[in-house]
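Each remark here refers to the structure printed beneath this line.
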Amino acid sequence: MGISVFTRGAALLVPVMVCLSSPAPQLAQAQPMALQQVVTYSLQNNGDLRSFREEKGIRDAGKTRAGLLPNPTLELEGETGALTGSSAENSVSIGVSQEFLLSGKREKRLTLAERELEMYRLQLADRERMLRAEVKTAFYDVILAQQRVSLAERAILLNRHLYEVAKERLAAGDIPELELNLVRVELARSEGSRISVADMLYQSRARLWALMGLPAGESPAVAGSPESVVAMNRTLVDLKRLAQENRPDLRALEAEKGRGELEIALARAEALPNLTAGVAVTRETTSLEIGGVEGRDTAYTIGVKLSIPIPVLDRNQAGIQEARARRNGTESRLAAAGRTVDREVETAYASLLNADKVLSLYRIDIIPQFEENLELTREAYRLGEVGILPLFAEQGKFFEVNDSYLAALHDRQLALTKLESAVATDLTGGVQ
């Protein structure tokens, strides 16, 4: 083999190997959105979340309804003796009655409505927590897809340079034409891989844009580095405590339990019927015939009426029993949810620790070793000690390992996201 051809081949391969360790240039896009911007935009514009926010009006209406008093009742009554042969006798009565809530029912209903509003606010916070985790996951999926596209583009660039080297070596008679064809096939395969990962990027972006609630036609770029790893400096005990204190779903269940107590108190109060009081004015006309002479007399009376059901048969036993059953069910769900949250934190914490271990292996042992192996194989190919197939094999392993490293970074970010969602706390500081 000609030494000059090997020298030219090495000169072409050197810049390619440099590109393996440097990121591929990205298309310039105006103002790419960082993770926090994406999360903030999503919390404001996500369709499902906005719809749930509108339901606050239902709770407000419930509070208004709870504070209203019963409407007064207008009562009209008329009597005539025309059908019984006493047309001169008649009476007309007009009155107003009002129902009065006893045993503090109105105040109890207002307190219950306020607890419903508190539950709604906590449920909204929990939906925001879950959306935040979902958006972060989708964001990291997009970043992973972008990095894989960059990796595929670097593979294409390497194979193009190898193709140029192979053409020169074929022209010099150092390799058979079959070797050039193999390089051409490898180049085509790398271009096909680029198309596949680009499709994955498109799907990841579409999912993120849907979660963000972007209008049709808008497709902003996102920017983020998978290398930005935040060290975990909290213990599992601290994380469990944070979760028990901050999880809005647990707080919502506690508020629901409190609502159950209020419902029991209201049901007991409703065992005492309400009092209805009324006042009426009556005009009564009577006739009296004496000695063939008929006389009429008109009298006006004012009456007061009080009525209240006697709680003998129904003392709202069913209502009290129902309220107690709901309260007991909520207590069971709260206890189970507390245990589930602890297990969720434990699982997320273990996943994060395992992800850190995997990343450490890649950074300390795997990636440096494969970079050295690829460099040695490249040098052996330059010296004619190995053919193109071993170089392809080592190159394929190198890109496979780099893809696995990107997946490990992605898994670490997802593990952190799940842990933050499990404890409802941004572990870089601040409650979600």
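The values are calculated or read from the model by the stated rules, or taken from the named source; none is laboratory data. Just so you know, these numbers come straight off a predicted model, no measurement behind them. Neighbour counts run over all protein chains shown; Cβ positions are idealised from the backbone, glycine included.
Sub-6 Å Cβ pairs linking a first residue in segment 104-115 that is among the aromatic types (Phe, Trp, Tyr) to a second residue that is in a helix (DSSP H, G or I), at least 6 apart or interchain, number zero.
One residue alone among THR425, THR347 is under 28 Å from ALA145 (Cα atoms) and touching a strand residue (DSSP E or B) at 6+ places or on another chain (Cβ under 9 Å), and that residue is THR425.
Applying the criterion of being among the charged types (D, E, K, R) and under 30 Å from LEU35 (Cβ atoms) to the residues of segment 167-215, the residue that is surrounded by the fewest Cβ atoms within 10 Å (Cβ to Cβ) is ASP199. Contact map, segment 352-378: residues that are closer than 15 Å to GLU400 by Cα and at pLDDT below 85 paired with residues that are aromatic (Phe, Trp, Tyr) and assigned to a helix (DSSP H, G or I), Cβ distance under 8 Å, separation 6+ or inter-chain. Pairs shown: ILE367/TYR405; PHE370/PHE398; GLU371/PHE398; ASN373/PHE398; LEU374/PHE398.
Going by the structure shown, is GLU99 in a strand (DSSP E or B), farther than 27 Å from MET212 by Cβ and free of Cβ contacts under 8 Å to residues at least 40 places away in the same chain? Answer is no for this residue. The helices (runs of 4 or more DSSP H) located wholly in segment 317-432 that include 1 or more residues which are within 25 Å of the chain's Cα centre (by Cα) occupy 317-361, 388-423. Among the residues making up segment 393-410, those that are touching a residue at least 60 places away in the same chain (Cβ under 8 Å) and surrounded by 19 or more Cβ atoms within 10 Å (Cβ to Cβ) are GLN395, PHE398, PHE399, ASN402, LEU406, LEU409, HIS410.
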